[in-house]
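The values are calculated or read from the model by the stated rules, or taken from the named source; none is laboratory data. Because the structure is predicted, anything quoted here is derived from the model rather than measured. Backbone-built Cβ (ideal geometry, glycine too); neighbour counts: all protein chains shown.
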Ligand SMILES: Nc1ncnc2c1ncn2[C@@H]1O[C@H](COP(=O)(O)OP(=O)(O)OP(=O)(O)O)[C@@H](O)[C@H]1O
Ligand SMILES: [Mg+2]
């Protein structure tokens, strides 16, 4: 069975897309077959995996809006061996609005993956937009678990309550098996007191598992979107690549 993992946090710029790309890279490197699913109209995941948006004819928007369109029709290979992407385009923003008027469309992504994703992939990583709207809900209904990247900076924990509430509601009503795989500390700067305090605070919350892996603030990861490949591929021996390999190990262990 494919392990379907949503990467979510309605706070912007916390490292969701970076985690989807590089966790994908670290898993693909080990021979796992990865599908990266872009649920964000910003399409950063699609572009970050080296896809030119001008060449994308059909996207996740088609699958969500029309239950006859299939994932198989939209998925494209990337430059990275072992990683395919279900691309997004700007169009996804209007699809979300359309979904509002369609009853039962919280399940659109799940229905599109069911029975198909298991045959082709070991992991599906769903990159969520920085909102708690229907696109994120679709991701959380389709997923078996969720990784929540959290910036180890001021206000990072604000908003976590809202996300956890949505996750609990989805678990109660739409996807009983959904579990929080863990909170992932990102943008960590161990030289600052603030960074260290935030990390302690995150661990003291106690409600959820916190990954042992800590993603440090590093220029290398900031450059990543320009290369169109995961860091495990373009800077294979960097600290950041090692970090994502460590995360991959933890994700595999957590099952
Ligand atoms: N650990 C890091 N160190 C330095 N820069 C990083 C790190 N992680 C991500 N970045 C950079 O920070 C920016 C935001 O990261 P990313 O796009 O992954 O966040 P996001 O949560 O997906 O944002 P959004 O909510 O807009 O989708 C990107 O330019 C990315 O390259
Ligand atoms: Mg993003």
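Per-structure values
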read-out	value
Helices (runs of 4 or more DSSP H) contained in region 21-78 and holding at least 1 residues closer than 16 Å to residue 117 by Cβ	60-65, 71-74
Filter result for residue 140 (within 16 Å of the chain's Cα centre (by Cα) and within 16 Å of ligand 1 (Cβ to nearest atom))	yes
Test result for residue 171, without any contact (Cβ under 8 Å) to a residue 12 or more places away in the chain, away from ligand 1 (no atom under 16 Å from the Cβ) and on the phi < 0 side of the Ramachandran plot	yes
Search result, residues across region 207-230 that are within 16 Å of ligand 2 (Cβ to nearest atom), within 16 Å of the chain's Cα centre (by Cα) and modelled with pLDDT of 95 or more	215, 230
Residue match in region 57-76 (condition: within 16 Å of ligand 2 (Cβ to nearest atom), touching a residue at least 12 places away in the same chain (Cβ under 8 Å) and closer than 30 Å to residue 253 by Cβ)	yes
Which numbered condition residue 234 misses (of (1) touching a residue at least 12 places away in the same chain (Cβ under 8 Å); (2) touching a helix residue (DSSP H, G or I) at 6+ places or on another chain (Cβ under 8 Å))	(1)
Residue check, residue 6 out of contact with any strand residue (DSSP E or B) (no Cβ under 9 Å at 6 or more places or on another chain) and either within 24 Å of residue 150 (Cβ to Cβ) or within 16 Å of ligand 2 (Cβ to nearest atom) (or both)	no
Selection count, region 183-195, where residues are touching a residue at least 40 places away in the same chain (Cβ under 8 Å) and touching a helix residue (DSSP H, G or I) at 6+ places or on another chain (Cβ under 7 Å)	1
Test set (1) more than 10 Å from ligand 1 (Cβ to nearest atom); (2) touching a residue at least 40 places away in the same chain (Cβ under 8 Å) - residue 54 fails condition number	(2)
